[in-house]
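Have a look at the structure below, then the notes.
The values are calculated or read from the model by the stated rules, or taken from the named source; none is laboratory data. If you're wondering where the values come from, they're calculated on a predicted model, not measured in any experiment. Using ideal geometry, Cβ is built from the backbone for each residue, glycine included, and neighbour counts are taken over all protein chains shown. Keep in mind that these areas ignore ligands, DNA and RNA; they rest on the heavy atoms of the full protein, side chains included. Shrake-Rupley method; radii C 1.70, N 1.55, O 1.52, S 1.80 Å.
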Amino acid sequence: MKQYPGKTSRMKGYLIGLTACISLCASSSKAQDSTDHNVRWTFVHSPLYFATNTFMVGAERLNVSGANSWMANLGVTLNDADGNDRTGVFLELQRRMYFGMEDGRIKKAGAFFAPYLVSGYVQRDVTRYSYTNDLGYVDYFEYDVNEKIKTFNGGITFGARFVISQRVISDVSVGGGIKYSDVNGHRGKGDLWDFSYTGVTPRVAIQLGIFL
């Protein structure tokens, strides 16, 4: 597989930048939370993303008395299922509003509504196919392309939070939104489940979390 100079350094810079933003927000919030007993932090993991060779984790700052939260998720994707060279990173932000809380806490289960925004960057090597038709003779050929994909996705999701134990929770949600992908400066035209897809997209998520 071809190697492209500077690819790794650019990806590292992008990942470091996103991580720094999350850390800065978390540090600022924790400083305010030091005297606020109505705030709880949750560490979450999204196992469904393993289907696309993506590791997704996040953190939620829950305002218990206000029944709302901010959640930030960070995902990293590596080589695809066929072993093709691919590297990418995603950042998602949710604003959740919870329902069904008692005395400021979710006892067994509660519903939530959340608008979300997702931004991502993927760089991958793919093989494309084309053909020419000259005087009735068809000639097929293949060529390698290095794609740089920028994605932007926004929408809403509805879900339920189940409290499994004092520290463990599980979230299940469905929803949808609109996604736009830019591939090497052009609008993406991939299939629905491809990173380069542009259009209306469904959303199904399962998250496992631990109260910190």
List every residue pair whose Cβ atoms sit under 8 Å apart, with the two residues 6 or more apart in sequence or on different chains, where the first one lies in the range 39-68 and is closer than 16 Å to L208 by Cβ and the second, anywhere, is small (G, A, S) and assigned to a helix (DSSP H, G or I).
-> A59/A26
For the range 148-161, name all the residues that are more than 15 Å from the chain's Cα centre (by Cα) and more than 16 Å from V204 (Cα to Cα).
-> K148
Out of the residues in the range 141-200 that are of a type in the set (D, E, K, R) and part of a loop (DSSP other than H, G, I, E, B), state the one that is least open to solvent (accessible area, probe 1.4 Å).
-> D194
